[in-house]
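This report refers to the structure that appears directly beneath it.
Here, each number is a calculation from the coordinates, and none is a lab measurement. These numbers come from a predicted model, not from an experiment.
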Amino acid sequence: MVTLVTIILFISALFLIVLVLIQPDRSSGMTGSMGAGASNTVFGISKDGGPLVKATTIIAMIYMVASVVLYIIK
């Protein structure tokens with residue numbers, strides 16, 4: 001059981017790294033949010049993000065659940 005959860009944790013970590021790295025930038029980071037339109041980027045308009053963001057969220061949840069399960073059973 002521990003081996004199976006460890007493998008799931010390892011694979012989800014690899015997928016999470018890849019998904020985060022292939023996502024396009026939404027702004028210029030902190031400097032982009034300080035310029036013009038800062039209210040839109042900080043408080044206002046939020047985009048759905050598409051399938052990459054949804055996949056990242058799902059893989060992150062799998063990673064967190066696997067981490068907790070591994071902690072409990074180990």
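For the pair Leu70 and Leu52 in one chain, pulling the backbone fully straight at 0.36 nm per residue adds 3.8 nm over the alpha carbon distance. What separates the Cα centres of the stretch 1-19 and the stretch 52-68 is a distance of 10 Å.
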